[in-house]
């Protein structure tokens, strides 16, 4: 009975999901991909090959090792280098417009395409017929209506 209980416990523990804890270096790499390098214009900190960028990445890893949260790390970076250090705009305040404007532009474009397609199909359905063809068409339509 003891062996069965131990086996059940071992199997149960082995089936539990394992939560991986990221190392400070992993967290620093994630942050480095989300901030622009103050040393290499137009490049994220993660991609910047300069010695100062490597030092900053190590400093960020040290901050995580000291127990700082992501928000605190970003706050320190912004305090030192300004809000333009972020690779993407903050999804609050004025930065919210940078996230919403492209979506609104796409919706507006889809609305315009739908409007143009509807007008075009309406125009094509209103074909004008004149002369003898019109008389023939009207007589065939009246015959078709009479058969109903």
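From 77, 68, which residue is touching a strand residue (DSSP E or B) at 6+ places or on another chain (Cβ under 9 Å) and closer than 14 Å to residue 28 by Cα? Explain how you work it out, then say what you get.
On the way: 68 fails: touching a strand residue (DSSP E or B) at 6+ places or on another chain (Cβ under 9 Å).
None of the others qualify; the one that does is 77.
Would you point out the residue of the stretch 35-90, among those that are in contact (Cβ under 8 Å) with a residue 40 or more places away in the chain and loosely packed, with under 14 Cβ neighbours inside 10 Å, that is farthest from the chain's Cα centre (by Cα)? Lay out the reasoning, then the answer.
Start the filter on the stretch 35-90 by keeping residues that are in contact (Cβ under 8 Å) with a residue 40 or more places away in the chain, which leaves 35-36, 38, 44, 64-65, 70, 73-74, 77, 81, 84-88.
Now narrow it down to the ones that are loosely packed, with under 14 Cβ neighbours inside 10 Å: 65, 70, 84, 88.
Numbers: 65: 30, 70: 20, 84: 20, 88: 11 Å.
This residue is 65.
Give me the helices (runs of 4 or more DSSP H) completely within the stretch 63-148, filtered to those with at least 1 residues that are touching a helix residue (DSSP H, G or I) at 6+ places or on another chain (Cβ under 6 Å), ordered by residue number. I'd like the intermediate steps shown before the answer.
Values: elements: 70-81, 94-125, 132-147.
Of the helices (runs of 4 or more DSSP H) lying wholly inside the stretch 63-148, those with at least 1 residues that are touching a helix residue (DSSP H, G or I) at 6+ places or on another chain (Cβ under 6 Å) span 70-81.
Specify which of the listed residues (67, 93) is on the phi > 0 side of the Ramachandran plot and modelled with pLDDT under 90.
On the way: 67 fails: modelled with pLDDT under 90.
Among 67, 93, only 93 is on the phi > 0 side of the Ramachandran plot and modelled with pLDDT under 90.
The values are calculated or read from the model by the stated rules, or taken from the named source; none is laboratory data. Model, not experiment: these values are computed from the prediction. Quick reminder, even Gly has a Cβ in these numbers, built from the backbone with ideal geometry, and neighbours come from all protein chains shown.
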